[in-house]
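Working notes, beginning with the structure itself.
Taken together, the values in this text are just the output of simple stated rules run on the coordinates, not laboratory data. Values in this document were obtained by computation on a predicted structure and should not be read as measured data. Because the Cβ atoms are built from the backbone with ideal geometry, glycine has one as well, and the counts that use them run over all protein chains shown.
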Amino acid sequence: MSQVWLIGRPVAHSLSPAMHNAAFAKLGLPHRYEAKETADDQLAPTLDRMRREDDVLGANVTIPHKENVLRLLDEVDEEARRIGAVNTIVSRGARLVGYNTDKYGFERALEAQVPNVSGSVGFPFADDTILVLGAGGAARACALALLEQGNNVNIANRNPARAEALARSLEVDGRHPEVVPWPKGRLQVDAIVNATPIGLNGEEALEDVQLPDWVIDLVPTAAETPLVKRAKATDNVTVVDGLSMLLYQAARSFELWTGVPAPLEAMRAALPRDV
Ligand code: NAP
């Protein structure tokens, strides 16, 4: 039996173990996905343990380690380096290689919603203005995906210095995200992406904000977040739920660890709600 770890804090609420263990069972693979609560000072020792143990296929990395883990790895895939964040590690012998599947998951989750809205296919935004809340690893992946599709990206973060650092380091064809204040009232944007954990404990991320046409909430919780609930109850607002991105990023990570196509429907069925 081999193991895959989830490295982060908090991870007790995570829906990833159920999804990946359902996928291993579906394909008859004798592997186990386990959450490992990991404080900041335990990140490097945990990676050292991964290097020593020869039955660890790899790991997912989640909040708050996605950026810090980069400098602790032996190799980082080019896209993950461009994003500046790693959410997936593959063990190659004693070498740890970092990847980012969040950007892929974000793109697929948005594309999956398009036929329901317009009957067409493809990425829903081009030359639009999108507000991203947060400036951590997930925000970086989403901001790069949106820039690559030709959009203007606004970034609002609790700590503005981190937003400035994100805006400086992400660039597509000379275009960078623009740092803006935390939103309130009526916004002149086409979509909003919540890439913070606000909502995990039942808080509303955007209490004072009139919602734009699209609301994308990355928070992957068993119960819908207050933001997702309000957006679904608002006319003409298209909602992308965090569980959808969770599913697609997980499928790509699964393929990196195992080298076989992910059983997407078995993974979807392991989620607590339809997405
Ligand atoms: P991260 O790298 O640790 O970044 C966290 C971000 O959230 C930072 O910008 C931080 O702001 C902000 N933040 C944290 N607590 C906050 C609060 N109470 N109020 C306002 N801002 C707060 O984490 P991450 O990996 O980017 O993950 C962010 C969220 O996205 C998590 O909820 C994670 O579960 C979710 N996510 C979901 C998926 C999915 O597949 N659905 C994939 C990736 C991430 P400061 O800079 O000011 O600390």
- Message: Could you work out the percent of alpha carbon pairs in the chain separated by over 33 Å, rounded to a whole number?
- Response: 18
- Alpha-carbon spread of the range 161-275, three principal axes, descending order, Å: 44, 38, 26
- Segment VAL260-ASN116, length gained on full extension (0.36 nm per residue, minus Cα span): 48.9 nm
- Residue by residue through the range 23-30, the couplings from Karplus 6.51 cos²θ - 1.76 cosθ + 1.60 with θ = phi - 60°, in Hz, x for Gly and Pro, are 5, 4, 5, 4, 8, x, 8, x
- Message: Principal axis extents for the range 1-151, Cα atoms only, whole Å, descending order, please.
- Response: 48, 35, 27
- To the nearest 0.05, how large is the calculated FRET efficiency for ASN201 and ARG81 if R₀ is 35 Å and r is the Cβ-Cβ distance? 0.60
- Task: Grab the DSSP H runs of the chain that are 4 residues or longer, score each as -39,500 (n - 2.57), total them, divide by all residues and round the 222 nm result to the nearest 500 deg cm²/dmol.
- Result: -10500 deg cm²/dmol
- Note on the structure: When HIS65, HIS31, HIS13 are ranked with the fewest other C-beta atoms within 10 Å first, the list becomes HIS13, HIS31, HIS65
- Residues in the range 1-17, backbone N under 18 Å from the label point at ALA222 (7 Å along the Cα-to-beta-carbon vector): list them, ranges by number please. 10-17
- Item | Peptide ranges 124-131, 172-179, 141-148 listed from the most packed, as the mean C-beta count within 10 angstrom indicates | 141-148, 124-131, 172-179
- Item | Over 26 Å between alpha carbons, listed pairs LYS36/LYS103; LYS36/LYS184; LYS184/LYS229 | LYS36/LYS184
- Spin-label proximity, ASP74 to the range 86-107 - amide N less than 16 Å from point 7 Å beyond Cα toward beta carbon: 89-99
- Note on the structure: Beyond 21 Å, the calculated P(r) of the range 44-124 holds a percent of Cα-Cα pairs equal to 39
- Task: Write down Rg/Rh for the range 216-275, rounded to two decimals, with Rg from the C-alpha atoms and Rh from the Kirkwood relation over Cα pairs.
- Result: 1.06
- Task: For the range 55-70, just list the computed ³J(HN,Hα) in residue order, Karplus coefficients 6.51, -1.76 and 1.60, θ = phi - 60°, integers in Hz, with x standing in for Gly and Pro.
- Result: 9, 9, 6, x, 7, 9, 10, 10, 3, x, 9, 4, 8, 5, 5, 3
- Query: Could you give the radius of gyration (one decimal) and Dmax (whole number) of the Cα atoms in the range 104-240, in Å?
  - Reply: 14.0, 41
- Label-point separation in nm, ASP274 to VAL237, each point 7 Å along Cα→Cβ: 2.1
- Query: Going by how many other Cβ atoms sit within 10 Å of their own, how do GLU171, GLU207 line up, fewest first?
  - Reply: GLU207, GLU171
- Query: Among all the aspartates and glutamates, which ones have a C-alpha under 19 Å from LYS232's C-alpha, if same-chain residues fewer than 8 places away are not counted?
  - Reply: GLU111, ASP190, GLU203, GLU204, GLU207, ASP208, ASP213, ASP217, GLU224, ASP241, ASP274
- Item | Residues with amide H under 5 Å from that of LEU96, placed H, sequence gap 5 or more | ASP74, GLU75
- Task: With an 8 Å cut-off on Cα pairs and a minimum separation of 6 or more residues, tell me the relative contact order of the range 104-240 in percent.
- Result: 20
